[in-house]
Amino acid sequence: MLVTLNEVLGDAKTNRYAVGLFNTTNLEMAKGVLSAAEETGSPVIIGTAEVLLPVASLRELCYFLIPMAEKAKVPVVLHFDHGLTEEKITEALRLGFTSVMYDCSKETYENNIRKVAGMVKIAHAFGATVEGELGHVGANEKQAQSAGQDNSIYTQPEQAAEYASLTGVDALAVAIGSAHGAYITKPKLDIERLKQIAAITKVPLVLHGGSGLSDDDFKNCTQNGISKVNIFTDINCAAAKAVISHYREGNGLSDLQQDIVQAVKEATMKKMILFGSNNRA
């Protein structure tokens, strides 16, 4: 069934588990993610990000993601991640996405509030939910590590509570030391900061840059306030490895598609069980 963030994150916040967002770029990845959700009995968030649109456009993806989500036996949120422009976010809403993220984290605090609050009004009119971001999740490991020298990269607890209230967002991505992409060395997450943010912020909190974190990192995050975790690199790499390991001379793509689906499914199931969202649908 197709739902919004509000239908899945409230219970996650109350019961201290997280629902995964698994970004997808093709039918095989979508099949793998949704099959994992149904087999584990897990609510799931599926979608894409603006940076991935050169690979597959919003319109191309919605043709199969929406009917697949509607037919699923578990709650499925169709989410547009890291929307950078109002044009693309509005397109996603018009196409039927039930949730959007407006990433204004590089803006000033005041502009971030103003722009996201405006988008909240638009998205809510569509019946969709909105995720904002405060602080800045690194685009790579060096940027995340630099938070140790530049405290402004981290989300400030008092600002988080105020930001959530002023914007009206339904979920808030926080920066506590994670980074997008693959990690080279072990990241250092500021769990104490996360606890402080969760204690004074009413909306569910989101962890970006989830691929590559340890099992203990995830458990610490979900037990201390994270209700949504974004994953892409792990399942994207699982799909690529499936092609490499199963390719034989003379094979075509059709010979590999089921292997890709199965690899994505297995990688997704591991995360769902780790996040504690299994049997929560």
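What follows is calculated from the coordinates using simple rules that are stated; it is not laboratory data. Fair warning: this is a prediction, and the values are worked out from it, not measured in the lab. Backbone-built Cβ (ideal geometry, glycine too); neighbour counts: all protein chains shown.
Quick one: among GLY250, GLY209, GLY177, which has the greatest mean-square fluctuation in a GNM of the chain with alpha-carbon springs under 10 angstrom? Largest GNM mean-square fluctuation: GLY250. Among the lysines, which fall within straight-line cross-link reach of LYS228, defined as a Cα-Cα distance under 18 Å, with same-chain neighbours fewer than 8 residues apart omitted? Straight-distance partners of LYS228: LYS13, LYS195, LYS202, LYS219, LYS270, LYS271.
When the chain is treated as a GNM with alpha-carbon contacts under 10 Å, the residue of GLY168, GLY118, GLY20 showing the greatest mean-square fluctuation is GLY118.
Could you work out how much longer the chain between ILE273 and LEU84 gets when fully extended? Use 0.36 nm per residue separation minus the Cα distance between them, nm to one decimal.
The span from ILE273 to LEU84 would gain 64.9 nm if fully extended.
One chain, two ends: VAL51 and ILE122. Fully extended at 0.36 nm per residue, the span grows by 23.4 nm beyond their Cα-Cα distance. Please tell me which of these pairs span more than 32 angstrom C-alpha to C-alpha: LYS121/LYS188; LYS121/LYS265; LYS31/LYS88; LYS106/LYS188? From LYS121/LYS188; LYS121/LYS265; LYS31/LYS88; LYS106/LYS188, over 32 Å: LYS121/LYS188; LYS121/LYS265. Note on the chain: Kirkwood radius taken over Cα pairs, Stokes-Einstein applied at 25 °C and 0.890 mPa s, translational D equal to 132 µm² s⁻¹. Shown for GLU192, GLU38: other C-beta atoms within 10 Å of each C-beta, ranked fewest to most, produce the order GLU192, GLU38.
The stretch 79-130 and the stretch 211-228 have Cα centres separated by 25 Å.
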